[in-house]
Structures are given as C-alpha cells and as structure tokens.
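Participant: I have a structure I would like to understand better, so I am pasting it below and will then ask my questions one at a time.
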Amino acid sequence: MPFKSLQLSANVLRGVQAAGYTDPTPIQLRAIPAVLGGGDLIASAQTGTGKTAAFALPILTRLGAHGRARVLVLEPTRELAAQVETAFRDFARFTDLRAVAVFGGVGYGNQRSELKRGVDIIVATPGRLMDYLKTGEINLRDITILVLDEVDRMLDMGFLPTVKDIIGRCPRERQTLFFSATVPPEIAAVAAFALRNPTRVECGVNRSVNESVKHALYPVALEQKFDLLVALLAKTDFDSVLVFSRTKHGADKIARRLKLANHSVAVLHANRSQNQRIEALAGFKSGKYEVMVATDIAARGIDVAGISHVINYDVPEKPEDYVHRIGRTGRAQAVGDAFTLVTPENAGDIRDIQRFIGAKIPELRLEGFDYKPMGAPRPPEPRRQGGQHRGGQPGGRGQSTGSRPSGGGHPAGGGQAPRPGQSGPSGQGGFGGGQRPRQNQGGGFSGYGGRGRR
Ligand code: AMP
C-alpha cells in the first residue's frame, strides 16, 4: 500500500515524496491509521524501523495549519531530539507548521527566540524542558498530542520521575503515543498511567540484523584488545568506523590511544559538552574524523549515512544493543561490516546475543596478528584488580600492523561472514550451522554454547 492510500494530507504527502520515501515501512502502515484515528497508541519499535515518520506524518496531518504549541515529543538524548525535529521540519516543508528542538548542553538564546516566534511542535529532552516549564517560557496547556519516544532508554537514563512530572502537566484530554523497544513492568506502569485504551502495535523486538551487514567475532586476550583494534583498522579498507565502548571512560581512553596511532577520531558520550557532541557528529558525517568512539546511549538512534564498519571494542551488555549497534552500518543498502572483539570473559554475553538473534556469529582470526594465548576467563569484576573498567581496557601498546588491503570486507582473509538478516533458527547460519570461516586456534575459545559465566 503506498503512502497516498494512508489518508495523509496533501502537503504532508508532498513532504514524504520530497524525503524520497516510496512505500511505508510495517510500523508506518500500522501506526499511521491508528494515530490519524485520534486514539492512544503503544508501539514496540526501535530506531531503524521508520518509527519517526510513523508518528510525525499523522501528527502533521492532524495539526493542519500553524497555531499554538500542540505537540510535545519527549526524547532521551539530545541527538535524538535534534534528529526528530529535523524529520518534522523535513516532512512539514510544504506546510506552515513549525517545530523546535529543546535540549540541554547548548545556550538558551536560539531556543528562546524560536519559542517566542511560536511553534506547533516541541521536541525536547526532559531536563531542558523542565527548565522552560519552571520559568514559564513553555506551558503545556495547549498540548493535544504527547509522544513519549524511546521510553526504555528514558528509564535507563533515570528520567522516569521527570517524565511522569511532565505527563502530569499535560492536559488530561490528549492523544498519547508511546514508543518503547521493550516494555518491562516499570514502563508498563507508566503506560498505564499515561495512556487510555491504547491501540497496540507490536513490531516486536528487532532481532534481525540488516541483511546487508556481515558480522564476525574476533576472539582475543583481554590485554591484547587494543592492539587487535589497531591492527584491524590497519588491515581494513574502511570509509568510516564506529567503535563502541561500554563506558564513557573507556571511550575516552580508546580515542586517546587511537589518536596516538594516527587516526582522526571523534568521541561521543554523555559527559561531552553539547558543542563537543555536535562537532563530533558533524565531523564524523563530513569525513573529518574517520573513526568515532561512542557509548551505546550516545549512539542510540544516530543516523549517519555511510558508516562502513562497526567495531564492538566491548561486547554490549544487552543483546538488543548488539542489534542496535550493528544497525549503524549497512544502512540504505550499503554493505557494512561489524567486528566484535571478544575475550574469554565475554563468553556468557556472546551466548546471550547468539540466542537473541537466533544465529551463531562466526569467529575470525586476523592473519599476521601476534596472538597471545588466551588462557582461562578472569574472575568476575568485583574480584578483579587494578580498577579496570568492565569492558576491558585499551591498555596495550598501539601498533600498526601492515597496510590496508583494498576491497573492504573483513580483513581476516579467510571466508565470508554470513549476512545475519538471512539467518535464524531455521535459516542459514542458525544455531550450530553458522559458517565459521576460520576457526580460532589460539586457546580453546571456539564455541560459546553452555560455557562461560552467568
Ligand atoms: P527511524 O526508525 O525513524 O529512525 O528511521 C530510520 C531510517 O529510515 C531514517 O533514515 C529514515 O529516513 C528512513 N525511513 C523511514 N521511513 C522510510 C520509508 N518509508 N522509506 C524509506 N526510508 C525510510
């Protein structure tokens, strides 16, 4: 069914066409009629599914023409707030509707003048919105549509009390749209408090990785992780690489060491100032920085075209974050590659990820890298000495090994990693049936099933 059968207004349809969309995604097909109908909605859908347009297009249609501030969208991060506001502006380009993004870390001046000009849609992070609510520069009495986006992330970030406070300040007669990848009991409680007879749209937790991404594990001893990262970068023909660290401190350390190894590096995490974050993203998008080191929360939802590789320096804590991270590459039909550095300590996490995505991830070995024996997993963190962060430490000596080969792909030389979107318990690369181009021989690390702590 094309967009034009979805009862969107003519001007919004023109905006959709100008954005280059031809067919609605599944969440758009299901959510747009529900939102146009005026009722509440609870949708489990993640970034990458097209959920922004799923709420923005019907909201713009319902608003019609410029008036008072009638829509509030809450986002967990500044980047998402900026991205969602841009989407609203793009789709609204043939209307006179106005959107503003309100988030912390930047001055108040521009946001204040936009607010004074009069806006229809406010896209905000909770903290900065509270500042304006306290000064009276924003009031929510005219809000008719409230969107709570990425609610599970808001929970992770400790925003829920503020979010509840904000919901309480909105008129009771309103439409509420609720988006969350998962709905644990705390979130179900907020949904019960905020929503009335919602339509449920279950796009399910996205367990599949984009079909155009090839991914692989690179087993390595903890003390060699950084050396292997540098060697992988040296042997990979990449355009732009996103490196994930579990911690902000770890991200800073990795970035420092990569700079010493002559890479141009940007860092994105919540302790960076907003201007630093804007500069990092803009520099990464423009190609000024070839590598960006980021934490999960900071990178959540960022939509950068042309990321050729994702490297998980640290294995993600939650299996769904693996899918999120890998989703940063291979967008828009480009082929991307994703490497995950794994130490024996990560065996349990890897097993959980494989179970979650329903596929075995092949293990590769970087040729020419001087692997040290891996030995047994170290004891769990509380007993570990020396204050290392839990994702391991980028503490090895940076070394560059060899030059980058042409042709991209995985640098391991042996075999092709499967495209995980094709896999599944019954598909190619399913449990036990995954292609293993080059089995690791360096210390009994092959196979995660049933081994490891947890
Ligand atoms: P989102 O899940 O809203 O972050 O969207 C993920 C990406 O998909 C963004 O780059 C959108 O511009 C793009 N997108 C969303 N809906 C469509 C569509 N119907 N057709 C093509 N691209 C889309």
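What follows draws every value from the coordinates through simple rules; no lab data is involved. Remember, predicted model here, so these are calculated numbers, not experimental data. When we count neighbours, we look across all protein chains shown, and the Cβ atoms used for this are built from the backbone with ideal geometry, even at glycine.
Participant: Compute the Cα gyration tensor for region 1-113, then decide on rounded, prolate or oblate, letting a ≥ b ≥ c be the square roots of its eigenvalues: rounded whenever a/c is under 1.5, prolate when a/b is larger than b/c in the other cases, and oblate in all that remain.
Facilitator: prolate
Participant: Now for a different question. Which order do the peptides 351-358, 95-102 take when ranked by the mean count of other beta-carbon atoms within 10 Å per residue, highest first?
Facilitator: Per-residue mean Cβ counts within 10 Å order the peptides as 95-102, 351-358.
Participant: Can you tell me how much longer the chain between T182 and R256 gets when fully stretched, taken as 0.36 nm per residue apart minus their C-alpha distance, in nm with one decimal?
Facilitator: Stretched fully, the T182-R256 segment lengthens by 23.2 nm.
Participant: Can you give me the distance in nm between label points at A189 and K134, each placed 7 Å from the Cα along the Cα-to-Cβ direction?
Facilitator: 2.5
Participant: Right, next: Distance in nm between label sites at M1 and E173, each 7 Å beyond Cα in the beta-carbon direction?
Facilitator: With each label placed 7 Å out from Cα toward Cβ, I get 3.0 nm.
Participant: May I pose another question? Give the peptides 148-154, 363-369 in descending order of average Cβ contacts within 10 Å, highest first.
Facilitator: 148-154, 363-369
Participant: Classify region 81-129 from the C-alpha gyration tensor, please: rounded if a/c falls under 1.5, else prolate or oblate depending on whether a/b exceeds b/c.
Facilitator: It is oblate, given that a/c is not under 1.5 and a/b is not larger than b/c.
Participant: Still on this structure, please answer the following. Give the calculated FRET efficiency between D370 and R200 to the nearest 0.05, with a Förster radius of 60 Å applied to their Cβ-Cβ distance.
Facilitator: For D370 and R200, the calculated efficiency is 0.65.
Participant: Taking the alpha-carbon set of region 3-203, what are its Rg and Dmax in Å?
Facilitator: Radius of gyration, then largest Cα-Cα span, for region 3-203: 15.6, 44 Å.
Participant: If I take R0 = 35 Å and measure r between the Cβ atoms of H66 and E279 in this structure, what FRET efficiency does the formula 1/(1 + (r/R0)^6) give, to the nearest 0.05?
Facilitator: Using R0 = 35 Å, I get an efficiency of 0.60.
Participant: Also: Distance cut-off 20 Å, Cα to Cα: go down the list K214/K259; K235/K285; K134/K164; K235/K360; K51/K214 and report the pairs above it.
Facilitator: Checking Cα-Cα distances, K214/K259; K235/K285; K235/K360; K51/K214 exceed 20 Å.
Participant: Hey, another quick one. Would you mind ranking H249, H263 by Cβ crowding within 10 Å, fewest neighbours first?
Facilitator: Ordered from fewest to most neighbouring Cβ atoms within 10 Å, H249, H263 come out as H249, H263.
Participant: Using 7 Å Cα-to-Cβ label points, what is the K164/D90 separation (nm, one decimal)?
Facilitator: Here the modelled spin labels are 3.6 nm apart.
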